[in-house]
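Every number here is computed from the coordinates shown, using simple stated rules; none is lab data. All of these numbers come straight from a predicted model, not from anything done at the bench. Here the Cβ positions follow ideal geometry from the backbone for every residue, glycine too, while neighbour counts run over all protein chains shown.
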């Protein structure tokens, strides 16, 4: 995945906000709960007769299996998307499906600007938002969505960046 140098230490490890997992799973919950409700209303109306409950249970078992697989995909995407801040660089790991992962790295001294975007009432009250890191590199902007406590992450990155810039540089003299 990625390697840390021997003198590099992880300062922060940030996943997306947990509410993102809830929002993505909301329609899945409706997908799983709607068939029994419709079946119950159909039974009350007298529409369901004979072996139809057995047919419903077999079809509903397939719906539950599909729902579980979709939830596993959502959870895997949530859990494997991570922002790692070390004392020398920032690593953004973006999982895209089961078999595709994008790892982006930027050194702290390359960061020119950090922008935070917290939009909406829910995001404001629960303190999560988008973090944009602008660099001087070819890929000029890193965008990390739905990070919790973006102001704390921004201040941590600034502190690490200032330490990195102000640290005395060692000079090797030729013998």
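What to note about this one:
- Stretch gain in nm, segment residue 12-residue 134, where the contour uses 0.36 nm per residue and the Cα spacing is subtracted: 42.0 nm
- Sites residue 28 and residue 80 - FRET efficiency at Förster radius 25 Å, r taken between beta-carbons, to 0.05: 0.85
- Percent of Cα-Cα distances greater than 22 Å, calculated over the chain: 60 percent
- Axis angle, to the nearest 10 degrees, between helix 18-44 and the longest C-alpha principal axis of the chain: 0 degrees.
- Cα-projected label distance for residue 40 with residue 103, points at 7 Å along beta-carbon direction, nm: 4.9 nm
- Listed by Cβ neighbour count within 10 Å, with the fewest neighbours leading, 99, 23 appear as 99, 23.
- Gain in span if fully extended, residue 126 to residue 66, counting 0.36 nm per residue against the direct Cα distance: 18.5 nm
- Our compactness index for the range 20-77, the C-alpha radius of gyration over the empirical 2.2 N^0.38 Å, is 1.35.
- Extended-chain gain in nm, criterion 0.36 nm per residue less alpha-carbon gap, residue 55 and residue 165: 32.8 nm
- Residue among 65, 131, 19 with the largest mean-square fluctuation in a Gaussian network model of the chain, springs linking Cα atoms under 10 Å: 65
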